[in-house]
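Structure, as structure tokens:
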Amino acid sequence: MNENTRQLVREHIIAAMDRKIEHLTITNPFNEEEVYERNPIGARIVPTEVWKGSKFERSFVTTLGQGIFEQIGRIIAEGTGAYAENQYSSTVTLNTFQTQTIEQTVDRQATGRRTATPDISAEIQHLRTLNYDATVNVSVISDLFIRRQDGTEEFYSFKTVKPNKDQTAAAKKNLLYLRTANTNNYAYFALPYNPAGEGRSYMQQKHKIPAKFFDMDDTDFVLVGSTLWNQIGNDPNTYTELLDIFEEVGQHTSERIRREYFGL
């Protein structure tokens, strides 16, 4: 990342954290009495600090998932000279046989037991062989769209690192719509970090829902952690640089949280 991009990312994170700290200290502060009302047993045997920290953690995770990562992705992509847009609406044309097959395939994966690792390349190849005269326009909303300077178009469905079944199914359908309609549509299932630990297979942690729909180790379709950010930044150092920015901002925000939220 160039210095301007780093500064924009830094400012975006700081602004989001400022809003979060204000919300949890002024707008919706921790209420110890509510803990005793809603969890009268737990409140009596677990320190108040645990419940207070838990409230902040839940709220913070929600904030990260509500667009912050995809917005940072837009900033980073623009810094490479690409055009980027969040919540990008596109329309693809498929025949009705293809759309029905996509719906049936994903619904079957959602309701059935996982017996084999999904092969998305094979699924797309099969979908492209399906012919029918009737066509339909399908609207797809991508959390992040990037058009590179060479004209390459990339579509990202950002999800939390442990997405639920409905979220993952919707992302799979969108990916199949985009990739089936145009071989030049590079659509991805995107997770901002790897809960199993960077450099490990996503499947080394217990949350297995995405594996019903995706081969989580297939980077042609699934980008997790460093593979995601390095792809967006078009540079193998982007993820490390992003972590450095979070570390830098965290030195400021952590002190504010200790002082203003925990009163330390």
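Some notes on this structure:
- Whole-Å distance, taken between Cα centres, linking the stretch 115-148 and the stretch 203-239: 19 Å
- In the stretch 136-231, the GluC sites (Glu not before Pro) that fall in loop regions by DSSP, at most 14 other Cβ within 10 Å: GLU198
- Anchor LYS52: lysines whose Cα lies under 16 Å away (excluding residues fewer than 8 positions away in-chain): LYS20
- Rg/Rh for the chain, where both radii come from Cα atoms and Rh is the Kirkwood radius: 1.03
- Of the solvent-accessible surface of the chain, computed with a 1.4 Å probe over protein heavy atoms with every protein chain present, carbon and sulfur atoms account for 47 percent.
- The phi-based Karplus calculation (6.51 cos²θ - 1.76 cosθ + 1.60; θ = phi - 60°) puts the 3J(HN,Hα) values of the stretch 84-101 at 9, 8, 8, 6, 7, 9, 9, 10, 10, 10, 10, 7, 5, 5, 5, 5, 5, 5 Hz, whole numbers, x for Gly and Pro.
- For the stretch 1-134, the Stokes-Einstein estimate of translational diffusion at 10 °C and a viscosity of 1.306 mPa s comes to 79 µm²/s, using the Kirkwood hydrodynamic radius over alpha-carbon pairs.
- Each residue was assigned an accessible area with a 1.4 Å probe, and for GLU32 the value is about 80 Å².
- Globularity ratio of the stretch 145-255, using Cα Rg and 2.2 N^0.38 Å: 1.14
- Cβ-derived FRET efficiency at R0 51 Å, ASP150 paired with ASN39, nearest 0.05: 0.35
- Around the Cα centre of the chain, unit charges on the Cβ atoms of Lys, Arg, Asp and Glu (plus for the first two, minus for the last two) sum to a dipole of about 880 debye.
- Charge dipole (Cα centre; +1 on Lys/Arg Cβ, -1 on Asp/Glu Cβ; no other charges) of the stretch 119-264 amounts to roughly 640 debye.
- A Cα-only calculation for the stretch 14-66 places Rg and Dmax at 12.4, 37 Å.
- Cα→Cβ-extended label distance, 7 Å offset, between VAL46 and ALA116, nm: 4.4 nm
- In the chain, the DSSP-assigned H stretches of four residues or longer account for a calculated mean residue ellipticity at 222 nm of -15500 deg cm²/dmol, using -39500 (n - 2.57) per stretch and the full residue count as denominator.
- For the stretch 54-194, the C-alpha radius of gyration divided by 2.2 N^0.38 Å, with N the number of residues, is 1.14.
- In order along the stretch 31-38, the Karplus-derived 3J(HN,Hα) couplings, from 6.51 cos²θ - 1.76 cosθ + 1.60 at θ = phi - 60°, round to 10, 5, 4, 5, 5, 5, 6, 8 Hz, and Gly and Pro are given as x.
- Residues of the stretch 48-96: accessible area per residue with a 1.4 Å probe, Å²: 47 Å²
- P(r), alpha carbons of the stretch 142-199 - 10 Å bins starting at zero, rounded %: 22, 47, 27, 4
- Solvent-free Debye calculation, one equal scatterer per alpha-carbon of the stretch 44-99: log10 I(q)/I(0) at 0.28, 0.30 Å⁻¹ equals -1.04, -1.10.
The values are calculated or read from the model by the stated rules, or taken from the named source; none is laboratory data. All figures in this text were calculated on a predicted structure; none of them were measured in a lab. Here Cβ is always computed from backbone atoms with ideal geometry, including for glycine, and neighbour counts include all displayed protein chains. Quick note on the areas: whole protein, heavy atoms, side chains included, nothing else; ligands and nucleic acids left out. Shrake-Rupley method; radii C 1.70, N 1.55, O 1.52, S 1.80 Å.
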